[in-house]
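> Below you will find the structure I want to go over with you.
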Amino acid sequence: MLADPRALAVALAAAVVFALGGIWFGRFELETAKWRRSLKLLLTVAVPAGVAGRLGALAGFAVLGSLLVLGLTVHFLWCRRHGIDPWTAEPWERYRELRGWRR
């Protein structure tokens with residue numbers, strides 16, 4: 001499936017988006033289990049690449065964009081509902097508590 005150049009392009013774009021997200025927002029995942037972070041990477045790259053391999057690059061990029069929008073929407077709603085600033089995760093101790101991280 002990834003031999004298709006369209007799927008490779010989408011997979012590369014998804015990997016770059018994932019890497020940049022880790023650089024910019026990695027502090028919000030510090031104590032997340034490695035298996036969860038690995039699964040997130042696999043899904044972030046494999047799903048759009050798989051769609052691109054089947055339906056074309058435009059569909060793959062649309063799925064990647066949709067995943068980004070969906071993730072941001074859920075993130076903002078969850079944070080606001082729990083009294084946390086979605087940009088800074090403040091108050092930080094409350095964020096850590098809601099994530100189930102130890103003190």
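Just so it is clear, none of the values below were taken in a lab; they were calculated from the coordinates. In this text, all values refer to a predicted model and were calculated from it rather than measured experimentally. Cβ: placed from backbone, ideal geometry, glycine included. Neighbour counts: every protein chain shown.
Yes or no, residue by residue, for (1) part of a helix (DSSP H, G or I); (2) farther than 20 Å from Arg99 by Cα:
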| residue | (1), (2) |
| --- | --- |
| Gly22 | yes, no |
| Phe25 | yes, no |
| Thr32 | no, no |
| Ala49 | yes, yes |
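> Report, ordered by the first and then the second residue, all pairs with beta carbons closer than 9 Å, sequence separation of six or more or different chains, a first member in segment 21-46 that is over 14 Å from Leu67 (Cβ atoms), and a second member that is among the hydrophobic types (A, V, I, L, M, F, W, C) and part of a loop (DSSP other than H, G, I, E, B).
Arg27/Ala89; Phe28/Ala89; Leu30/Trp101; Glu31/Trp101; Thr32/Trp101
> Is one or more of the residues making up segment 87-102 surrounded by 15 or more Cβ atoms within 10 Å (Cβ to Cβ), closer than 15 Å to Glu29 by Cα and touching a Pro at 6+ places or on another chain (Cβ under 8 Å)?
For segment 87-102, residues surrounded by 15 or more Cβ atoms within 10 Å (Cβ to Cβ), closer than 15 Å to Glu29 by Cα and touching a Pro at 6+ places or on another chain (Cβ under 8 Å): absent.
> In addition: Only residues in segment 58-82 that are under 20 Å from Gly100 (Cα atoms) count as the first member; pair them with residues that are part of a helix (DSSP H, G or I), Cβ under 6 angstrom, at least 6 apart or cross-chain, and list the lot.
Sorted first by the residue in segment 58-82, then by its partner, the pairs are His82/Leu98.
> With part of a helix (DSSP H, G or I) and surrounded by 15 or more Cβ atoms within 10 Å (Cβ to Cβ) as the only criterion, which of Val69, Val63, Val16, Val74 stands out?
Working: Val69 fails: surrounded by 15 or more Cβ atoms within 10 Å (Cβ to Cβ); Val16 fails: surrounded by 15 or more Cβ atoms within 10 Å (Cβ to Cβ); Val74 fails: surrounded by 15 or more Cβ atoms within 10 Å (Cβ to Cβ).
The conditions single out Val63.
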